[in-house]
Amino acid sequence: MSFSEIIKSIKKKEYHPVYFLDGEEGFFIDAITALLKDTVLTESEQGFNQLVLYGKETDVQTIASSARRFPMMAPYQVVIVKEAQYLRKIDDLLMYVNNPNPTTILVINYKYKKIDGRGKLAKALKTGKALYFNSKKLYENKIPDWISKYLKDKKLAITPDAVQLLSEYLGTDLSKIASELNKILINLNGKDSIGVKEV
């Protein structure tokens, strides 16, 4: 599935029991994780049913046992594992991935790296009930289109000159570009178009 297809399916409440998000572009991983974190459960359900773990501070056994619990007064529980690239023995998640708890949404952020495709876990992620997404860096020539689409999704237009200026100055780091665009949006004062002057 592509990034936009994943976002659409989450908005339609079509969830997968496991989301394994890896790759060099952290922006897409963060966006998918944030959408799941903010929309699966209501604010009152999150207190008992949402757990964030960090790869440096946890282990596979803790992740699996947390994911096997059942939600309290909610349809799902959400378990988010950040910095999963630091987990030891990540292949031991295979047993859980092959038989996930249907009332848990396990989100694994394996940022700035790609899981070894030769391992059993990687093969299970690509063929089983899990959703595997590899977040690739965009090439420099794709950045102007990405900026235009990002703003179009926010119902804003941007002139070609402004797009070119932004892409030249901001490089290819999408998180940085999104942050700078959001700063511009704050200062638009009701305008629905961005030109060189606003940049």
- Task: Could you list, in sequence order, all residues of region 86-102 that are free of Cβ contacts under 8 Å to residues at least 40 places away in the same chain and under 20 Å from the mean Cα position of the chain (by Cα)?
- Result: 86, 87, 90, 93
- Task: Considering each of 174, 170, 138 in turn, give the residue that is closer than 16 Å to residue 25 by Cα and touching a Lys or Arg at 6+ places or on another chain (Cβ under 7 Å).
- Result: 170
- Query: Does residue 18 satisfy being in contact with a Phe, Trp or Tyr (Cβ under 6 Å, 6 or more places away or on another chain), open to solvent by less than 80 Å² (accessible area, probe 1.4 Å) and at pLDDT 95 or above?
  - Reply: no
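The values are calculated or read from the model by the stated rules, or taken from the named source; none is laboratory data. Predicted, not measured: the structure shown is a model, and the values here were computed from it. Every residue, glycine among them, receives a Cβ derived from its backbone with ideal geometry; neighbour counts consider all protein chains shown. Areas reflect the complete protein model, heavy atoms only, side chains present, ligands, DNA and RNA absent. Shrake-Rupley method; radii C 1.70, N 1.55, O 1.52, S 1.80 Å.
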